[in-house]
1. When the range 54-84 is examined, which residues are found to be open to solvent by less than 70 Å² (accessible area, probe 1.4 Å) and either of a type in the set (A, V, I, L, M, F, W, C) or modelled with pLDDT of 95 or more (or both)?
2. Starting from the range 25-52, keep only residues that are modelled with pLDDT of 95 or more, then list their pairs with residues that are of a type in the set (Asp, Glu) and part of a loop (DSSP other than H, G, I, E, B) whose Cβ atoms are within a distance under 7 Å, requiring at least 6 positions of separation or different chains.
3. Quick check on the range 1-21: of everything there that is loosely packed, with under 14 Cβ neighbours inside 10 Å and closer than 13 Å to Leu47 by Cα, which residue is modelled with the lowest pLDDT?
4. Go through the residues of the range 28-48 one by one and say whether even a single one is under 10 Å from the mean Cα position of the chain (by Cα), surrounded by 13 or more Cβ atoms within 10 Å (Cβ to Cβ) and closer than 17 Å to Met1 by Cα.
5. Is one or more of the residues making up the range 52-74 of a type in the set (Val, Ile, Thr) and not in a loop (DSSP other than H, G, I, E, B)?
Amino acid sequence: MNLKDKRFQDDFRPLVEGCGCYCCRNHQRAYVHHLLVTNELLAGVLLMIHNTSHYHSFFRAIREALANKKMDLLRRRVLGNGKE
């Protein structure tokens, strides 16, 4: 998603619906768009928080799948190769 794109200037949704990270709970796409086009450093900080949250969730899912011997199921979910 290129948040510098003009279509995001009036988009008041979070970056990702249902995401619980600080950025998505407290800011909208329009605000992050504004920060990006004005070259504010806060844009990078908010996006880093958001991305780090997603990485953390992904690796938590991997650890749980390994512990429960369901790595193949997770692989299919992530890659979209088959049904759950």
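1. Quick first cut of the range 54-84, residues open to solvent by less than 70 Å² (accessible area, probe 1.4 Å) only: 57, 61-62, 65, 73-74, 76, 80, 82.
Listed by number, the residues that qualify are Ala61, Ile62, Ala65, Leu73, Leu74.
2. From the range 25-52, the pairs are Gln28/Asp11; Arg29/Asp11; Ala30/Asp10; Ala30/Asp11.
3. Met1
4. To start, the set of residues in the range 28-48 that are under 10 Å from the mean Cα position of the chain (by Cα) comprises 47-48.
Then keep just the ones that are surrounded by 13 or more Cβ atoms within 10 Å (Cβ to Cβ); that gives 47.
Filter once more, so that each one left must be closer than 17 Å to Met1 by Cα: 47.
Yes, the range 28-48 has at least one match.
5. yes
The values are calculated or read from the model by the stated rules, or taken from the named source; none is laboratory data. As the structure is a prediction and not an experimental result, all values here were calculated from the model. As a convention, Cβ positions derive from the backbone with ideal geometry for all residues, glycine included, and neighbour counts pool all protein chains shown. With ligands, DNA and RNA removed, areas are computed over all heavy atoms of the protein, side chains included. Shrake-Rupley method; radii C 1.70, N 1.55, O 1.52, S 1.80 Å.
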